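For reference, the structure discussed in these notes is given below.
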Amino acid sequence: MQIYLPIAEISVNAFVLLGLGGAVGFLSGMFGVGGGFLMTPLLIFTGIPPAVAVGTEAVQIVATSMSGVLAHWRRKSVDFKMAGVLLVGGGSGTAVGVIAFSALRAEGQIDLFISLAYVLFLGIIGGLMMIESVRAIRAARAGRSVSARRPGAHGWIHGLPLKMRFRRSRLFISAVPPLLIGFFVGVLAAIMGVGGGFIMVPAMIYLLRMPTNVVIGTSLFQIIFVTGLAAIMHATLNQTVDIVLAMLLLVGGVLGAQLGVRVGQRMRGEQLRALLAALVIAVCLRLAWDLVATPEDLFTVMIGAGA
Amino acid sequence: MSRVMPSLVLSAAFLLGVPGDARAQIGDLTPLQGEAVVVDLSEKLIAITSNFTGAELLLFGNVDAPDNVTPALQRDVVAVIRGPYEPLTIRRKERVAGIWVNTGAQDVPAAPGFYHVASTRPLDQIAPHAVFEEAQIGLDMLDIASEREGGDALPANYRKAVLRAKMREGLYAEAPGSISFVGPSLFRAEIELPANVPVGSYVATVYLMRHGGIIGQRSINLIINKSGIERLLYNFAQGTPFLYGLAAVLVALLAGWVAGTVFRER
């Protein structure tokens with residue numbers, strides 16, 4: 001069934017978009033990531049203009065994260081205080097990111113920058129997660145138990161000022177690292193059109209050493225606000241939010257996410273991380289290939305002034 | 001030699017800003033007594049609704065053949081449909097340190113968003129180059145950069161890139177042979193409008209050609225517009241973008257909440 005998108009101004013197959021939303025929503029629920037790092041490239045691949053893909057994806061991430069966070073909320077696995085600190089950094093990071101986005105777009109380098117950022121971050125994070133989870137799986141097979149949480153191994157993070165107590169996370173750490181992480185992810189969220197969960201989740205586990213059970217809920221909770229802000233900014237500044245497209249994606253997305261949350265709970269943490277790592281590496285390689293492969297046409301023609 | 005075109009046609013062409021009363025100095029271009037072209041479109045207002053997947057426009061017309069003897073083969077009809085003009089930015093990639101980077105860019109203040117040439121035969125069989133050049137008929141003749149600042153021409157490789165990109169999207173096309181005569185005087189052409197066709201006002205100009213020159217022309221307007229819910233949403237997003245963004249986020253929150261509640265674990 002073909003449907004015309006009023007803002008993207010193209011006609012697309014509604015079932016393809018529903019399926020896309022469902023598949024990405026499933027992964028999103030399973031891993032606690034927004035799914036934007038998969039959905040944004042996939043949308044561009046189906047012919048949606050990149051600017052519309054980025055703006056619309058922000059709206060869809062708000063919905064999937066909202067549906068996902070409710071289950072965590074009921075299980076009390078959301079650290080609201082930690083999310084608040086992350087958000088203070090995230091809000092300012094999003095604003096900085098939007099300014100950088102405009103500047104890069106005026107120079108015609110935004111597409112390249114987005115691809116490079118994806119390749120860099122997905123490569124590093126996917127690689128690190130893969131190494132770590134494979135080690136954990138091997139250790140588990142050998143009968144040893146490996147704790148992801150190693151109390152007392154805080155190192156330099158322990159020496160920073162502005163110490164706060166995060167009860168849900170059972171942490172007493174400085175507010176500086178979460179503020180910086182929030183800011184950094186906010187910048188990436190605005191520039192790359194993602195929620196930033198794929199960076200936030202590992203950062204919480206490995207840098208902040210939060211217990212794994214509160215990581216996903218807290219990440220989803222703060223993503224709602226960061227992407228909500230990004231969506232409103234994209235709609236206001238660029239008019240690139242297509243509500244019809246967002247609706248199709250989120251109908252598929254919320255259904256997929258519900259299923260994903262259940263499947264994710266039945267899987268072991270290290271297997272889940274290995275799977276996510278493999279996915280992240282695959283997307284990274286695909287984008288890296290596009291950077292070096294000779295394009296079909298060396299010229300790109302865009303409607304609108306501003307070379 | 002008097003070449004008086006019907007004044008109605010001339011003034012219509014003038015009002016619509018169609019390039020040129022372009023008749024070349026070749027052959028006998030004197031219209032036969034009463035020979036004129038009339039033309040119409042199957043639709044003059046195309047509404048884009050949610051199930052819009054492109055449209056097929058039927059252009060049809062009549063060439064008066066007063067003597068009923070002049071065979072259809074001795075004349076040609078060329079139709080040009082021009083869409084709303086829009087600014088373009090063209091960027092060129094180069095390999096820098098192994099990866100492809102945009103290194104050059106050119107601006108075009110106004111290029112047609114849609115340009116379709118339908119004709120009875122390939123253009124080079126109908127009339128000499130100069131005739132089409134003067135009337136700006138055909139993709140080779142399309143003047144993409146006439147209004148550029150400083151008057152410098154758009155480099156040829158950038159020009160070709162525009163044509164290539166627009167043809168790929170189905171927005172620019174030349175369709176020789178797509179106009180066919182039905183009987184001695186009636187002609188018709190089907191014009192494919194893709195789903196990504198730009199919104200705005202279009203002009204279809206039909207040129208009657210004989211002996212390598214233009215002997216008559218007629219223009220007709222076409223409007224393509226969004227309608228219904230599509231129009232509503234589009235105007236909302238363009239008119240009050242902040243409220244639109246806020247509404248989109250609220251709808252997303254609600255949808256997520258509903259889904260999360262409905263699928264609550266038991």
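Where a number appears in this text, it was derived from the coordinates with a stated rule and is not lab data. Here the structure is a predicted model, which means the values were calculated and not measured. Neighbour counts are summed over all protein chains in view; Cβ atoms, including those assigned to glycine, are modelled from backbone coordinates with ideal geometry.
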Exercise. Can you name the helices of chain A, as whole DSSP H runs, whose Cα span along the helix axis is 30 Å or more and whose Kyte-Doolittle mean is not below 0.5?
Worked result: A:50-74, A:80-106, A:110-141, A:212-238, A:243-266, A:269-292
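What net charge is computed for the residues neighbouring residue B:179, neighbours being all others with C-beta under 10 Å from the C-beta of residue B:179, Lys and Arg scored +1, Asp and Glu -1?
Details: positive: B:121, B:188; negative: B:76, B:190.
Taking every Cβ under 10 Å from that of residue B:179, the sum is 0.
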For this session: Before anything else, pin down the relative contact order of the stretch B:88-224: Cα pairs under 8 Å, at least 6 apart, normalised by residue count, whole percent.
Result: 24
Exercise. For chain A, what is the relative contact order in percent, using Cα pairs closer than 8 Å and at least 6 residues apart in sequence?
Worked result: 40
For this session: Would you mind ranking A:255, B:208, A:298 by Cβ crowding within 10 Å, fewest neighbours first?
Result: A:298, A:255, B:208
Exercise. Which whole number gives the average count of other chain Cβ atoms within 10 Å of the Cβ atoms across peptide A:105-112?
Worked result: 3
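Does the stretch B:175-266 come out rounded, prolate or oblate, given a ≥ b ≥ c as the square roots of the eigenvalues of its C-alpha gyration tensor, rounded meaning a/c under 1.5 and, failing that, prolate meaning a/b above b/c? All intermediate terms of the calculation are to be shown ahead of the outcome.
Values: a/c = 5.79, a/b = 2.99, b/c = 1.94.
Judged from the Cα gyration tensor, the stretch B:175-266 comes out prolate (a/c at least 1.5, a/b above b/c).
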Exercise. Once label points are set 7 Å from the Cα along Cα→Cβ at both residue A:162 and residue A:75, what is their separation, rounded to one decimal in nm?
Worked result: 3.1
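Rounded, prolate or oblate, given the Cα gyration tensor of the stretch A:1-128, with a/c below 1.5 counting as rounded? Before the final figure, lay out each step's value.
Details: a/c = 1.73, a/b = 1.15, b/c = 1.51.
It comes out oblate by the Cα gyration axes.
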For this session: Over the whole of A:249-259, what's the average partner chain Cβ count within 10 Å per residue? Rounded to a whole number, please.
Result: 3
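Ranking B:210, B:92 by Cβ neighbours within 10 Å, fewest first, what do you get? Walk me through the numbers before you get to the answer.
Values: B:210 22, B:92 19.
Ascending Cβ contact count within 10 Å gives the list B:92, B:210.
Looking at the square roots a ≥ b ≥ c of the eigenvalues of the Cα gyration tensor of the stretch A:43-103, which shape do they give, rounded for a/c under 1.5, prolate if a/b is larger than b/c, or oblate?
Working: a/c = 4.94, a/b = 1.41, b/c = 3.51.
Oblate is the answer for the stretch A:43-103, as a/c is 1.5 or above yet b/c matches or exceeds a/b.
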Seminar exercise, completed: What helix-only [θ] at 222 nm does chain A give? Using -39500 (n - 2.57) per DSSP H run of at least 4, over all residues, to the nearest 500, the answer is -23500 deg cm²/dmol
For this session: Across the protein assembly as shown, how many lysine pairs, 8 or more positions apart or on different chains, have C-alpha atoms separated by under 23 Å? Please give the number.
Result: 5
